Amino acid sequence: MAKTMFEKVWETHEVVPESADTPAVLFIDLHLTHEVTSPQSFTLLREKGLPVRRRDLTFATMDHSTPTTTDQVFGGVPIKLASARGQVEQFARNCADFDVELLGLQDQKRGIVHIIGPEMGLTQPGKTIVCGDSHTSTHGAFGALAFGIGSTEVGHVFATQCLLQRKAKTMAVNVEGALAPGVSAKDVVLAIINHIGVSGGTGHVLEYRGSTIRAMSMEERMTVCNMSIEAGARAGMIEPDETTFAYLQGRERAPQGAAWDAALAAWRALATDAGARFDREVHIDATQIRPMVTYGTHPGMSIAIGDTVPVHAGDSVYAASLAYMGLQPGQAITDVLVNVVFVGSCTNGRLSDLEEVASVLRGRKVAHGVHMLIVPGSQQVKREAEARGLHEVFAAAGAEWRESGCSMCLGMNGDTVAKGQYCVSTSNRNFEGRQGVGSRTLLASPLTAAASAVTGRVTDPRSLLA
Amino acid sequence: MDPIRILRSRTVVMATTNIDTDQIIPARFLTTTTKEGLGAQLFADWRYDATGAPKPDFILNTPAAQGCQVLVAGRNVGCGSSREHAPWALVDFGFRAVISTEIADIFRNNSLKNGLLPVIVDAATHEWLLANPGAEVTIDLESRELGLPDGRKVVFPVEAFARFCLLNGTDEMGYLLGQGEAIAAYEALHGKQPTAATA
Ligand code: SF4
């Protein structure tokens, strides 16, 4: 019978299939872990006297509450935020006690968990990958089944390398056509979320398909899969192809030699069979997508930058959201004066994103009064960016360049947006207070973020492209 | 975890749609390394003013909300982050059930593991509950029925195994640990034994 890619990966990981009474026992090939969602899971192991069952499949980094200033990371200055310091220190102890491989604060390979998995070649097609983090969906860009779990489940995977799971439904997201210049993967995924709705993917694994997706680089595919959860889907997947294989070949933890050839053969067989049935299908015409920006307090509240804030008379929840944002129905979004611009996160913190930002900033200045923070997704991204001189472009423009981490995406490390300020951000969530108490987030692509930094207001990047 | 069979409680209503886990428990409180005490920070940014004083008009600060175990929330509650701190905070505050028409996947899973019952109801029942805050409801996990004050009973879906665990107060870890032989057999069959270098 014709199968979807999701079904193929699912079936090869069933230790025990599901029944009416019990969920499936699903084997996990890669368990990524970080300092925020694991402390209580390690406590669970201690209480039960259990070891981490598969240390070889468990991998730890610190990213969420880590500082991004060089003095605190490499300069011997203690982490200023005491609560973050405690968490980082306890995580290092937990990893040492349970013998889990950890990229510590000063490790040259450290970075945001969803950036370094692919970077190191740990993320591979056909794997089941979990992490106590909802943006684990990022790894689905490689044709892996990757999803976020809670801390109790983190404990389950530590102890048994397995999870209890019910099989999800499938949804094909068919995206067809060439993107217009200045339109990027971020705009595509914002348009998809706008189309499906923020709960439209609940209970489903998405498979992004079509010519637009096939034409994307791995970095772009990761941006798309990253935000699957913002449509309510725990996982998003993309068929592995030559682009995928070229990205992985030669990476540190990817298969080498004969193992590479064997892996390739297995990976080529993962694609959804012709005639396989999805529970639901949606179609997106990519040629119509323009640079997008959010105006509200969830990622589905987005418009093309040339458009005005929609009017929904009589909807009190909508009105409250706009009031929080300080916006009026019918107002042009380009009227919004920007206080902060944040470039980074697991959505858009990769080298290609930074290159796009640099392409706009080169020879230009960040507008007076705008604070622009550029945080690479990993230390490797940082080194590569510096090798290309991007940090000099950023500095010349007046932007701040930091060490890697989640930073202002969720403001746990002290990098926050002040109350009432507008921040154009390349991250993935514009929830109330996400970037700091009272912060107002407008999600956009790296190009849009850079263009808005230069003009000081929300700006369609096409107006600045040569 | 204490077993749950029947909950009887007045409801607290928060009709806002898409209540995300960043609202339920803001990120700056996630540096905690335990599960306890998070109830004080539940909905912190909606509940307290800039000085940290409770806002008298926020529902959880009103006398009517005290002692209520059932939260009726707008559509798509619990979207966003996978933080289990969200159900921990709700449970620590005293909630044992959340009712909505749509409940986000990860939050629903996390809730079930912490004795917080996610109850999904049809739009008409939901509308009635939103319009009648403080209604005395009964949630019977055994029969999977939500009982309304007028005697109506509404059946809600709940995954069979999670229900079994909640009814008996057992957690899933014991069940998974009991699958040790099947896991080892799977690893042998699929060539997924520990690699020599790190085992
Ligand atoms: S960058 Fe943001 S979304 Fe990504 S893992 Fe970090 S906090 Fe989560």
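Values in this text are rule-based calculations from the coordinates and carry no lab data. Since we're looking at a predicted model, the values are computed, not measured. With ideal geometry, Cβ positions are generated from the backbone for all residues, glycine too; neighbour counts draw on all protein chains shown.
Taking amide H as placed 1.01 Å from N in the peptide plane, the amide H of A:ARG434 sits under 5 Å from none that are at least 5 places away or on another chain. What separates the Cα centres of the stretch B:1-63 and the stretch A:33-68 is a distance of 26 Å. Remark on B:VAL137: its backbone amide H falls under 5 Å from those of B:SER9, B:ARG10, B:THR11, a criterion applied only to residues 5 or more positions apart or on other chains, H modelled at 1.01 Å from N. Taking every alpha-carbon pair in the stretch A:291-460 and binning the separations at 10 Å intervals from zero gives 12, 42, 33, 11, 2, 0 percent. From the alpha carbon centroid of the stretch B:137-199 to that of the stretch A:98-157 is 24 Å. Calculated mean residue ellipticity, 222 nm, chain A: -9000 deg cm²/dmol, from DSSP H runs (n ≥ 4) at -39500 (n - 2.57) each, averaged per residue and rounded to 500.
Inter-chain neighbour count for A:416-427: the average number of beta-carbon atoms from partner chains within 10 Å of each residue's beta-carbon is 0. Calculate the FRET efficiency for A:PHE74 and B:ASP122 from the Cβ-Cβ distance with a Förster distance of 35 Å, rounded to the nearest 0.05. Using R0 = 35 Å, I get an efficiency of 0.05. Label positions at A:GLN256 and A:ARG362, each projected 7 Å from the Cα along the C-beta direction, are separated by 3.6 nm. Distance check, please: which entries in A:LYS109/A:LYS365; A:LYS48/B:LYS35; A:LYS169/B:LYS113 exceed 24 angstrom between their Cα atoms? From A:LYS109/A:LYS365; A:LYS48/B:LYS35; A:LYS169/B:LYS113, over 24 Å: A:LYS109/A:LYS365. Sequence-ordered 3J(HN,Hα) estimates for the stretch A:199-205 from the Karplus curve with 6.51, -1.76 and 1.60 and θ = phi - 60° stand at 10, x, x, 3, x, 10, 9 Hz, glycine and proline given as x.
Here's the list of lysines a cross-link from A:LYS419 could span, going by alpha-carbon distance under 18 Å and ignoring same-chain residues fewer than 8 apart: B:LYS55.
Cross-link partners of A:LYS3 among aspartates and glutamates, defined as those whose alpha carbon lies under 17 angstrom from its own and excluding same-chain residues fewer than eight positions apart: A:GLU11, A:GLU14, A:GLU207, A:GLU239, A:ASP273, A:ASP279, A:GLU281.
The slack in the chain from A:ALA323 to A:ARG280, taken as 0.36 nm per residue of separation less the alpha-carbon distance, amounts to 12.0 nm. Coordinate range of the alpha-carbon atoms in the stretch A:16-104 per principal axis, descending: 55, 24, 23 Å.
Calculation over all alpha carbon pairs of the stretch A:169-287 in 5 angstrom steps from 0 returns a P(r) of 2, 11, 21, 21, 18, 13, 9, 4, 1 percent. In this rough spin-label picture, where each label sits 7 Å from Cα along the Cβ direction, the A:GLU14-A:ALA178 distance is 4.4 nm. Centroid-to-centroid, using Cα positions, the stretch A:390-466 and the stretch A:204-223 are 24 Å apart.
With the simple model of a label 7 Å out from the Cα in the direction of the Cβ, A:LYS48 to A:ASP307 spans 4.8 nm. Extension gain for A:LYS419 to A:ALA246 (0.36 nm times residue separation, less C-alpha to C-alpha distance): 57.8 nm.
On full extension, the segment bounded by B:GLU36 and B:ASP2 gains 10.7 nm, given 0.36 nm per residue less the C-alpha separation. Panel values: the stretch B:6-190, Kirkwood radius from alpha carbon pairs, Stokes-Einstein at 4 °C and 1.567 mPa s, translational diffusion coefficient 74 µm²/s. Inter-chain Cβ neighbour count for A:156-168, averaged per residue, equals 4 (cutoff 10 Å, partner chain atoms only). Percent of Cα pairs in the protein assembly as shown per distance bin of 10 Å, from zero to the largest separation: 3, 16, 28, 28, 18, 6, 1, 0. Listed values for the stretch A:211-225 are Karplus-derived 3J(HN,Hα) couplings in whole Hz (6.51 cos²θ - 1.76 cosθ + 1.60, θ = phi - 60°), namely 5, 4, 5, 4, 7, 7, 6, 4, 4, 5, 4, 5, 4, 5, 5, and x replaces Gly and Pro. Applied to the stretch B:136-143, the Karplus parametrisation 6.51 cos²θ - 1.76 cosθ + 1.60 on θ = phi - 60° returns per-residue 3J(HN,Hα) values of 7, 10, 10, 10, 9, 6, 4, 8 Hz, with x for Gly and Pro. Legend: calculated FRET efficiency, A:ALA265 to A:HIS195, from the Cβ-Cβ distance at R0 = 35 Å, rounded to 0.05, equals 0.45.
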